[in-house]
1. Calculated from DSSP H runs of 4 or more alone, at -39500 (n - 2.57) each and per residue, what is the 222 nm mean residue ellipticity of the chain, nearest 500?
2. Using packing as a proxy for protection, rank 215-223, 245-253 so that the peptide with the highest average count of other Cβ atoms within 10 Å comes first.
3. Quick one: which of 29-39, 156-166 comes out on top by average Cβ neighbours within 10 Å, and what's the full order, highest first?
4. Between region 8-31 and region 209-281, how many Å separate their Cα centres?
5. Build a GNM of the chain with springs between Cα atoms under 10 Å: which of SER255, SER18, SER127 gets the top mean-square fluctuation?
6. Quick check on the exposure proxy: order SER71, SER170 from fewest to most C-beta atoms within 10 angstrom.
7. Quick query: amide H of GLY120 versus all other amide H atoms, modeled in the peptide plane; which residues come in under 5 Å with a sequence gap of 5 or more or a different chain?
8. Which of the lysines could a cross-linker bridge to LYS31, judged by Cα under 24 Å and excluding same-chain residues fewer than eight apart?
Amino acid sequence: MKPLKTVTIVGVGLMGGSIGLALRKRNMAEKVVGVGRRQVSLRVARRVGAVTNTTIDLAGGVDGADLVVVSSPVGMIIDHVKQVAAACPEGTLITDTGSAKQAIVDALDSGLPRGCRFLGSHPLCGSEKSGAVNADENLFEGAMTVITPTRNTRAEDFDLLEQFWSEMGSMVVQMPAEEHDQALALTSHLPHMAAAALANTVPEQYLRLTAQGMRDTTRLASGDAELWVHILSLNRDNVLKALQQYGAQLTALHSAIRDNDEEKLRQFLTSAKKNRDALGS
């Protein structure tokens with residue numbers, strides 16, 4: 001992929017900062033502009049080397065961009081893409097990193113001004129930590145990135161994004177936004193809710209008795225609450241189905257223990273071990 005002249009990243013937190021670091025490490029862009037709401041956050045992004053330029057002026061930040069990556073909190077992505085499209089050069093391709101896709105794609109798939117196009121992306125990586133101070137230039141190495149094309153997507157736009165994420169080390173797959181949200185409700189959103197529910201189950205007076213198992217299992221619960229409110233709201237129907245499926249598993253486990261049915265309990269735990277081991281380390 002020929003280096004892009006200017007890539008603008010709107011929202012230079014953990015994900016946006018990692019994109020900037022990856023772009024600069026691999027010489028994929030001559031100029032990486034970071035757009036944010038607060039100068040203090042942008043100073044951090046500059047200090048860690050995630051960007052070459054920063055601004056709190058979105059219109060100024062996307063002026064001249066060859067590609068814009070909107071890495072804002074998921075509840076702000078639709079508005080930010082529309083603002084970007086109103087200010088960036090004619091025909092600019094815009095993508096995002098949001099973890100709920102259908103509502104975003106439905107709102108942005110057509111009708112952006114001046115020939116600008118939106119094609120959704122979701123890198124399946126990250127951390128419960130936040131901010132550019134925790135950015136990692138190798139965050140995308142070996143991780144999967146989902147691109148969600150529609151019937152309106154141009155082949156050249158898909159090819160550009162596929163190369164973009166691949167050169168940062170990602171394995172790229174394409175998937176309809178609807179299927180993405182169904183899958184992520186189970187593989188990403190449900191784990192966070194399970195961790196949060198478990199963290200809320202243990203009374204405060206017993207927290208001092210927790211060991212590594214509890215800390216590992218509830219790690220996701222340290223994620224930003226406001227961010228997750230938006231994710232769960234945007235993917236509400238699929239999340240409710242995932243919770244129903246999870247509840248059925250808990251009910252089966254409860255019944256096996258209540259009935260002292262060692263064979264059912266053994267089958268349940270053996271199946272769980274097999275599925276977990278298949279995930280790898």
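1. Only helices count here, giving -14500 deg cm²/dmol.
2. By packing density, highest mean first, the sequence is 215-223, 245-253.
3. Peptide ranking by packing, descending: 29-39, 156-166.
4. Going from one Cα centre to the other spans 34 Å.
5. With Cα springs under 10 Å in the chain, the top fluctuation among SER255, SER18, SER127 is at SER255.
6. Exposure proxy ranking, most exposed first: SER170, SER71.
7. Correct list: THR148.
8. The reachable lysines, counting only those whose Cα sits under 24 Å from LYS31, are LYS2, LYS5, LYS82.
Read the figures in this text as sums done on the coordinates, not as results from a lab. Everything numeric here is computed off the predicted structure, so don't read it as measured data. Cβ coordinates were reconstructed from backbone atoms using ideal geometry, including for glycine residues, and neighbour counts include every protein chain displayed.
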